[in-house]
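Q: Dumping the structure here so I can ask a few things about it.
The values are calculated or read from the model by the stated rules, or taken from the named source; none is laboratory data. Since this is a predicted model, take the numbers as computed values, not measurements. Neighbour counts are summed over all protein chains in view; Cβ atoms, including those assigned to glycine, are modelled from backbone coordinates with ideal geometry. Note: accessible area is taken over every heavy atom of the protein model, side chains too, but ligands, DNA and RNA are not part of it. Shrake-Rupley method; radii C 1.70, N 1.55, O 1.52, S 1.80 Å.
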Amino acid sequence: MNTFRRIGLGFLVGVFFAVGYGARLHSMARQVDIQSSAKRSQSSAPGVMVAAARLEGAGIDLRPLSIMVTVLKSLREHYVDQITPEDEGKMARDLLRAMLASLDDPNTRFLDPQQRKLATEAAQGKFHGIGAVLEIKKIKMGDLTEEHLLVVAPFEGGPAAIAGLQPGDDIIAINGRDVLPYNPYQKADKMIKENRKKPVDKTQFRKKMDAEAERVKTGIPILEAENLLTSEDSGEKVLTVKRKGSAKPITLTITPRAFTVSPVTSSFIDENKLGYVNINCFTATTSEKLRAAIRELNSKGAKGLVIDLRNLVGGELDVALEAAAPFIPGKPLAIELRSRNRQSTIKVPDCGPNDVWRGPIVALVNYGTARVSEVLAAALRDNASAKLVGENTHGDCSVVTLIDQPDGSAISMTTGLLKPVKSAAFHGKGLEVDVKVAGNGNASSDPQFEEAVKTLAAMTAMRSAGVATRARSRS
Amino acid sequence: MRKLRIEKIILAVFLLFVAFLIGFATPDVIASRGDLGRWIASLQLLPQRLEDLASQGFDESAASSKPLPIIESYSATLERLKADYYGAKIDEKKLTYNAIRGMLHALDDPFTRFLDPEEYKKMREENEGNFTGIGAQLDTNDNGEVYVKEPLPGTPAMRAGIKANDVIIAVDGKPIKDKDIQEVVKMIRGPEGTKVKLTLRRPKVSRYITKVITREVVAFQMVKWRMLDEKNGIGYVRLYQFNEKCDEQFDKALTDLERKHVKGLVLDLRANPGGLLQAAVDIGSRFIESGPIVIIQERGGERRPLYVEEEKHNHKRYPLVVLVDQHSASAAEIVSGAIKDDGVGTLVGVKTFGKGRVQTIMPLEDGSAVAITTAKYLTPNGTDIHKKGIEPDIKVEATEDFDPNDPKTDVQLAKAVDVLKVKMGLLPKSVLEEMKKTAQSPKADADEVSETKGPLNRASTDEVKPGDKPSGKGKRSE
């Protein structure tokens, strides 16, 4: 009997040990999870934590909140169908979506979990869909102010870039379906208004209205359109785009796919005397790859450098700062203006002496050089006497913070504005280049690149060696 | 002996606890890889780690996909915007209004909606059936000019000598050229007792006429009536909307028609977007002898019939034809549904809109309001017409050239009169049979009409039980 008890106790001791061991392992794993998710929100936004409710406090008007509470309470108690927790989750998301959209700021918006995941992958150089950064922006055309789906930039080597989609393209239809703004009835309202003022033939008007109704009925809402082009869906897409300088809309056929972009590619131009570095995207390894490239160029005695910042939509500020270190170590990148008159100077970190580039720089930019990239271009010009070649940049110097939500969704919010330390602010205007050269789309020649080499050759006081051999590698 | 046993149990439990603790600490000890400092540090953290375990629990799914709490998400985001958003100043009210709109949008019910203070005020005016203005009905003529279609009887416009066909040139000295009729209406309306100056061009008068008129409370004219056929005693009543004043006006219309010896009646509910539930019961009671007009089905399924109000039975009974179309919605469908189920009248036209939901307006503290769908309604025989509509007894489509202002183009009305004549014995029954046969062929169409969410139909999609806009009529009362 006693032996039996002892064996039982011994067994239990063993079980409890195992349970304790397992519990701690589980707890550790969870800790790592939580830390990494905290880091995720940190990495996308320095100093940002998951938003917490702060209701009490001086000077906060509680009326909007109490209205919201009343409406929700009424719905819960009286709505004809019982409101489920799933309904409430959807209501919260739609609430945030509508609230943020009403700020009319393309960078301030709600990201559902799917979009949030795409943002994380983009920060690792993995892209889906047509492979382009898009933005939804309100544009006034005539007397209609509507949201448009615009291309900020296609990614190097992605389906959109290969098909010839260009920065600034206005996507007006996908597979023949018109892209519809938030309020798709504006055009119809305008037609009715105009007809009231100046009535036309009745049957003709009715026909026009019917056509408009059909257009709206078959159209695709702008948010859905954006999702369709950026998500993992892979069906062939026929895009109708409006492009500056082209009277007629252009049709492009793009087959979306998942692809990975190498953050940096580099090569030598002109018998190793000039170097070429192309930054394709900002990821965690961009800076490391860039430094390796600079080290190699330095060791081979390169005399000048072309940095290609075209079609580069800036991501996280920290990554860009690291990337700037070989060129302007310890120098200020920009002044960050924040709400309530706060501001601070953002400094580029220092960099090992072997990784520093000291020679002349030409930066290639275009309309797809957006956000942090254009700020970097301005800083290179101000602090490293770089010359900018290509086209004026996008003109978006917003600092965007991602705030992760407990359900996997996120809020993207403009929290600041970057302003060059030495030169004039260019937000909303775009950075003026020193040598203006139009791009050549997808054609085999690259006049901007050739002009950059010419400019650089002049800067390095080298004899222009005729036509530069183009050794730029495309990934 | 007994004491010893308890001690043994305590000892055993303690042993198990120690075993658990050792097990719990082991991973950290392993992780410290022999480093004594880390080993001790990890042991010191033990109590806190146990606490972590207790608070985290083992439920992993809960952490990753919890639905967002509505109020907390809203207030946290709003506070965050106020603290850190860089851009235009945060307009808390505008953001909140849009947040509410977004939240309601998630329910996928176009009738549950938010009304900002201006929209709510307009709705209240329409429900009450009053507004403060001068009482001139405006319209747009073929040249795109806004003109007076009719000064309403007993209103400031009538007393000031404004006449039909006066074209409005300016309001308070501001030319209204290029202004939309709704903008003109807005300019003419204003607080009670204030004055408005109208500059008018009158046909065959060379100089502009100027009138200064004091604004008053004026009732919307929701009912229009006339004798279509004096000889046969065929009367016509059109109801534009269901509000607090419409039953009173309706009573007056029937009294007047009876004075003119009406023997049969066409009730026109076309393009009537509905309105107040009570008004529907009032109007329905004018025609139906007894029983429910409508059955309200609350959340949870409880049914509450609203019965005929017998004090409304102050008129004679005569054959009745009701005209309906794809824009007849809500309260208009309650009345036509009750008449159809009861058999007291014949429905002519096309299938109705199909809105079988009742909204309740909840006023909010800042002057805005929210309309919430709180119940379904069923016709007296228990049919839910939501998203289905009511099929007319005799289907007649409007023709392409139909002009609401020109009775000659109105084939639906002409057919309604024929049906009425059959019911009155003025035409043989065979006419009816013939009509039913021909109407069967071009059907399919009506199905589509009520489903279309195109811009033309949008006006009625938006309409909600208590208080609807008389849009789509192309006409506004001023």
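Q: Starting from the Kirkwood Rh over alpha-carbon pairs, what translational D in µm² s⁻¹ does the protein assembly as shown have by Stokes-Einstein at 10 °C and 1.306 mPa s?
A: So the translational diffusion coefficient is about 47 µm²/s.
Q: Using the Cα centre of region A:69-126 as origin and beta-carbon charges of +1 (Lys, Arg) and -1 (Asp, Glu), tell me which of A:Pro113, A:Thr70, A:Gly125 is placed farthest towards the positive end of the dipole.
A: The Cα lying farthest towards the positive end belongs to A:Gly125.
Q: Once the Cα atoms of region B:130-219 are picked out, what are the Rg and Dmax in Å?
A: 11.8, 35
Q: Further question on the same structure: Cα centroids of region A:93-124 and region B:148-165: how far apart, whole angstrom?
A: 55 Å
Q: Before rounding to the nearest 500, sum -39500 (n - 2.57) across all DSSP H runs of length at least 4 in chain A and divide by the residue total; then give [θ] at 222 nm in deg cm²/dmol.
A: Value at 222 nm, helices only: -12000 deg cm²/dmol.
Q: While we're here: Show which aspartates and glutamates lie in cross-link reach of B:Lys195 when reach means a straight Cα distance below 12 angstrom and same-chain residues fewer than eight apart are skipped.
A: Partners within reach: B:Asp172, B:Glu216.
Q: When DSSP assigns beta bridges and you keep just the ones with both residues in the protein assembly as shown, what percent turn out antiparallel, to the nearest 5?
A: Around 75 percent of the beta bridges assigned by DSSP in the protein assembly as shown are antiparallel ones.
Q: With a length cut of 15 Å (Cα positions projected on each helix's long axis) and a Kyte-Doolittle mean of at least 0.5, go through chain A and give me the DSSP H helices that pass.
A: Helix filter hits for chain A: A:372-384.
Q: Continuing with the same structure: How much of the DSSP bridge set in region B:223-464 is antiparallel, in percent, rounded to the nearest 5?
A: Once the DSSP bridges in region B:223-464 are tallied, antiparallel ones form about 60 percent.
Q: Follow-up. Cross-link candidates for A:Lys454: which aspartates and glutamates have Cα within less than 15 Å, leaving aside residues fewer than 8 places away along the same chain?
A: Within reach: A:Asp270, A:Glu271, A:Asp308, A:Asp434, A:Asp446.
Q: At 7 Å along Cα-to-Cβ for each site, give me the label-to-label distance between B:Ser206 and B:Thr194 in nm.
A: Here the answer is 3.7 nm between the modelled labels.
Q: Can you figure out the FRET efficiency of B:Ile9 with B:Glu72, using R₀ = 41 Å and their beta-carbon distance, to the nearest 0.05?
A: In this case the efficiency is close to 0.30.
Q: Please give the FRET efficiency for A:Ser246 paired with A:Ser445, using the beta carbon to beta carbon distance and R0 = 30 Å, rounded to the nearest 0.05.
A: 0.95
Q: Using the heavy atoms of the protein chains and a 1.4 angstrom probe, tell me the accessible area per residue for the protein assembly as shown in square angstrom.
A: Value returned for the protein assembly as shown: 47 Å² of accessible area per residue.
Q: Still on this structure, please answer the following. Which pairs break 25 Å Cα to Cα here: A:Lys273/A:Lys347; A:Lys217/B:Lys388; B:Lys388/B:Lys429; A:Lys198/B:Lys211; A:Lys197/B:Lys252?
A: Going by Cα-Cα distance, A:Lys273/A:Lys347; B:Lys388/B:Lys429; A:Lys198/B:Lys211; A:Lys197/B:Lys252 fall outside the 25 Å limit.
Q: Within region A:148-172, name every residue whose backbone N is under 12 Å away from a label modeled 7 Å from Cα of A:Ile139 along the Cβ vector.
A: A:148-152, A:167-172
Q: Further question on the same structure: Give the aspartates and glutamates reachable from B:Lys355 as a straight Cα distance under 12 Å; neighbours fewer than 8 places away on the same chain don't count.
A: In chain and number order, the partners are B:Asp109, B:Glu333, B:Asp384, B:Glu451, B:Asp462, B:Glu463.
Q: Note down the magnitude of the dipole of region B:130-219 about its Cα centre, charges +1 on Lys and Arg C-beta and -1 on Asp and Glu C-beta and zero elsewhere, to the nearest 20 debye.
A: 420 debye
Q: What does the buried accessible surface come to for B and A, summed over both chains, with the probe at 1.4 Å? Round to 100 Å².
A: Answer for the B-A pair: about 8400 Å² buried.
Q: What trypsin sites (Lys or Arg not before Pro) does region A:347-417 have in DSSP loop regions with at most 12 other beta carbons within 10 Å?
A: Hits after loop and neighbour filter: A:Arg358.
Q: If you place +1 on the Cβ of every Lys and Arg, -1 on the Cβ of every Asp and Glu, and leave all else neutral, what size is the dipole of chain A about its Cα centre, to the nearest 20 Debye?
A: Using Cβ point charges on Lys, Arg, Asp and Glu, chain A gives about 440 debye.
Q: Continuing with this model, one more query. Sticking to Cα atoms, compute the Rg of region B:223-464 to one decimal and its Dmax as the biggest Cα-Cα distance, whole number, in Å.
A: 17.7, 61
Q: Here's another thing I want to ask about it. For chain A, build the convex hull from the C-alpha positions and give me its volume per residue in Å³.
A: 259 Å³
Q: Could you work out how far the C-alpha centroid of region B:311-353 sits from that of region B:183-242, in angstrom?
A: So the separation of the two Cα centres works out to 28 Å.
Q: Return the carbon/sulfur percentage of the accessible area of the protein assembly as shown, one whole number, probe 1.4 Å, all protein chains in place.
A: Taking all protein chains in place, the protein assembly as shown shows 54 percent carbon and sulfur surface.
Q: Another one. Using r as the Cβ-Cβ distance of B:Arg159 and B:Met424, and R0 as 41 Å, what FRET efficiency do you calculate, to the nearest 0.05?
A: That pair, B:Arg159 with B:Met424, gives E of 0.50.
Q: Next question. Just going by the charge dipole of the protein assembly as shown, with Lys and Arg at +1 and Asp and Glu at -1 on Cβ, which of A:Ala213, B:Tyr85, B:Asn381 is farthest out on the positive end?
A: Checked the options; the winner is B:Tyr85.
Q: Limiting things to C-alpha atoms, what are the Rg and the maximum Cα-Cα separation (Dmax) for region A:261-469, in angstroms?
A: That works out to 17.0, 61 Å for Rg and Dmax.
Q: Further question on the same structure: Select from A:Val453, A:Val435, A:Ile411 the residue farthest towards the positive end of the dipole of region A:411-462; place +1 on Cβ of Lys and Arg, -1 on Cβ of Asp and Glu, and compute about the Cα centre.
A: A:Ile411
Q: Among B:325-336, A:209-220, what's the highest-first ranking by average C-beta atoms within 10 angstrom per residue?
A: B:325-336, A:209-220
Q: In debye, nearest 20, what is the charge dipole magnitude of region A:261-469 about its Cα centre with +1 on Lys and Arg Cβ and -1 on Asp and Glu Cβ, if you could check?
A: Once rounded to the nearest 20, the dipole reads 660 debye.
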